[in-house]
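Note sheet for the following structure.
The values are calculated or read from the model by the stated rules, or taken from the named source; none is laboratory data. Source: prediction; values computed, not measured. Please note: Cβ atoms are built from the backbone with ideal geometry, for glycine as well, and neighbour counts cover all protein chains shown. The area values use the complete protein model at the heavy-atom level, side chains included, leaving out ligands, DNA and RNA. Shrake-Rupley method; radii C 1.70, N 1.55, O 1.52, S 1.80 Å.
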Amino acid sequence: MSFLKVSRLVTIERHIAEEQQYHPTATGEYSRLLRDLTLALRIIARDVRRAGLNDILGMTDSTNVHGETVKKLDEFANEVIFRAMDHGGHLCVMASEESEGIIQIPQEYPKGKYVLLFDPLDGSSNIDVNTTIGTIFSIYRRLDPSSIDDGTEEDVLQPGFKQVAAGYACYGSATTLVYTSGNGVDVFTYDQTIGDFLLTHEKVRMPHKGKIYSVNEGYYLRWSDGLKRYIDYLKENHAETSRPYTLRYIGTAVADIHRTLIYGGIFMYPADSHNPHGKLRLLYELNPLAMIIEQAGGRATDGYNRILDIIPTHIHQRSPVFMGSLGDVLEVEYYLSQK
Ligand code: AHG
Ligand code: MN
Ligand code: MN
């Protein structure tokens, strides 16, 4: 009996090379981009595993653009990704949750045709308590593919449906890399003895409905009546519809989404009376996570509209989000639509 959900031994690099054969115009630039990015993820994973040993825990003195105190590991991960990606010649611009403006490629390096957006460290509040954290990334083509100049804010402000690829690393009991380039979702697990990500779950499909909901319910009193009614409904006794649902909330979007991807159910970060746009950031968190959820057969909306169709107007824009199993997200949308 085998516990592997794949029949072949495949590294992430091999997988990307195999996917490229379906794109006859591919030049190999994209494979090199991914190779550099997985190097950054391996370096971050290594330091996450050493957290506490290398004096990396705790706060820095600075506050980021969202008014949050920056953890040392946030800053470190931001720097590692920048330094792994600035010189490869495949990117024309980057943007990060931890950087105020768009991030230009340094003068001395060539500019390429891709755009990289990232949340270097997701789940910062969990760093100091040894709980799962992650890194999220999103890749676009630049708007003018023939340009060799610096990328612009317009290149960064593209709607999520234009993503070429998206993924996240989840630094949990193992380090996993979840990746899609629009051809389904594949999960790779890091084997530190060989220093590589191996394919461990091919073409993940989410169940149509789950039995778990995930939301910061401490804000219940700030929610709309429709959302309150939906959560109350999930807690009723009704065995035929698997209710009451189980509540799981880690407070690291990557970890909550990873569980939702594998087990099904629904993850929410809704609007509330204090935060009319919710908390999570469209470019660095919601678009890549939404692409993965959709590619696995799930649904991701702001309660009314598809996340991937939102036209961004600001690089640090936030949006409410409901994502997970198709049947569960349709159900919450029904409750939200009832006045
Ligand atoms: P980040 O660490 O990148 O700032 O993101 C934290 C986010 C997200 O990962 C999580 O889902 C959410 O914040 C938790 O927020 P609450 O503590 O308000 O529930
Ligand atoms: Mn985050
Ligand atoms: Mn972050």
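If I ask for residues that are open to solvent by less than 20 Å² (accessible area, probe 1.4 Å) and either in contact with a Pro (Cβ under 6 Å, 6 or more places away or on another chain) or within 16 Å of ligand 1 (Cβ to nearest atom) (or both), which ones from the range 103-126 would you list? Spell out the reasoning first.
The initial filter retains those residues of the range 103-126 that are open to solvent by less than 20 Å² (accessible area, probe 1.4 Å), namely 105, 112, 114-123, 126.
Correct list: Leu117, Phe118, Asp119, Pro120, Leu121, Asp122, Gly123, Asn126.
Return yes when Ala271 is more than 16 Å from ligand 1 (Cβ to nearest atom), among the hydrophobic types (A, V, I, L, M, F, W, C) and buried (at least 17 other Cβ atoms within 10 Å of the Cβ) and no when it is not.
Working: more than 16 Å from ligand 1 (Cβ to nearest atom): no; among the hydrophobic types (A, V, I, L, M, F, W, C): yes; buried (at least 17 other Cβ atoms within 10 Å of the Cβ): yes.
Answer is no for this residue.
Among the residues of the range 65-102, which ones are within 16 Å of ligand 1 (Cβ to nearest atom), over 22 Å from Ile127 (Cα atoms) and open to solvent by 60 Å² or more (accessible area, probe 1.4 Å)? Of everything in the range 65-102, just one residue is within 16 Å of ligand 1 (Cβ to nearest atom), over 22 Å from Ile127 (Cα atoms) and open to solvent by 60 Å² or more (accessible area, probe 1.4 Å), namely Glu100.
Results for (1) of a type in the set (Ser, Thr, Tyr); (2) in contact with an Asp or Glu (Cβ under 7 Å, 6 or more places away or on another chain); (3) over 21 Å from Ser242 (Cβ atoms), shown as yes or no for each residue.
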| residue | (1), (2), (3) |
| --- | --- |
| Val187 | no, no, yes |
| Thr193 | yes, no, yes |
| Phe197 | no, no, yes |
| Lys211 | no, no, no |
| Lys228 | no, no, no |
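Among the residues of the range 226-253, the one identified as closer than 25 Å to Ser273 by Cα, out of contact with any helix residue (DSSP H, G or I) (no Cβ under 9 Å at 6 or more places or on another chain) and open to solvent by 80 Å² or more (accessible area, probe 1.4 Å) is Lys235.
If you take the residues in the range 132-145 that are outside any strand (DSSP E or B) and at pLDDT 95 or above, which one is nearest to Thr38 (Cα to Cα)? Reasoning before the result, please.
Step one: of the range 132-145, the residues outside any strand (DSSP E or B) are 132, 142-145.
Remaining after also requiring at pLDDT 95 or above: 132, 142-144.
Working: Thr132: 19, Arg142: 21, Leu143: 25, Asp144: 26 Å.
Only one residue fits best here, namely Thr132.
Among the candidates His258, His316, the residue that is surrounded by 17 or more Cβ atoms within 10 Å (Cβ to Cβ) and under 25 Å from Val185 (Cα atoms) is uniquely His258.
Looking at Leu286, Leu308, Leu261, Leu280, can you tell me which residue is touching a residue at least 40 places away in the same chain (Cβ under 8 Å) and farther than 26 Å from Gly101 by Cα? Spell out the reasoning first.
Numbers: Leu286 fails: farther than 26 Å from Gly101 by Cα; Leu308 fails: farther than 26 Å from Gly101 by Cα; Leu280 fails: farther than 26 Å from Gly101 by Cα.
Residue meeting the stated conditions: Leu261.
Given the condition touching a Lys or Arg at 6+ places or on another chain (Cβ under 6 Å) and open to solvent by less than 10 Å² (accessible area, probe 1.4 Å), answer yes or no: does some residue in the range 209-220 qualify? Checked against the condition, which is being touching a Lys or Arg at 6+ places or on another chain (Cβ under 6 Å) and open to solvent by less than 10 Å² (accessible area, probe 1.4 Å), the range 209-220 yields at least one hit. In the range 11-53, the residue that is farthest from Gly195 (Cα to Cα) out of those that are touching a His at 6+ places or on another chain (Cβ under 8 Å) and of a type in the set (Asp, Glu) is Glu29. If you filter the range 131-157 down to residues that are polar (S, T, N, Q) and either within 15 Å of ligand 1 (Cβ to nearest atom) or open to solvent by less than 10 Å² (accessible area, probe 1.4 Å) (or both), you find that the one that is farthest from Thr175 (Cα to Cα) is Ser138.
Looking only at strands (runs of 3 or more DSSP E) that lie completely in the range 20-130, which have at least 1 residues being more than 21 Å from Leu143 (Cα to Cα) and within 15 Å of ligand 3 (Cβ to nearest atom)?
Values: elements: 59-63, 69-71, 91-96, 114-122.
Result: 59-63, 69-71, 114-122.
Taking each residue of the range 39-53 that is surrounded by 15 or more Cβ atoms within 10 Å (Cβ to Cβ) and looking for partners that are at pLDDT below 95 and assigned to a helix (DSSP H, G or I) with beta-carbon atoms closer than 8 Å, six or more apart or interchain, yields Ile44/Phe76; Asp47/Leu73; Asp47/Phe76; Val48/Leu73; Ala51/Leu73; Ala51/Ile127.
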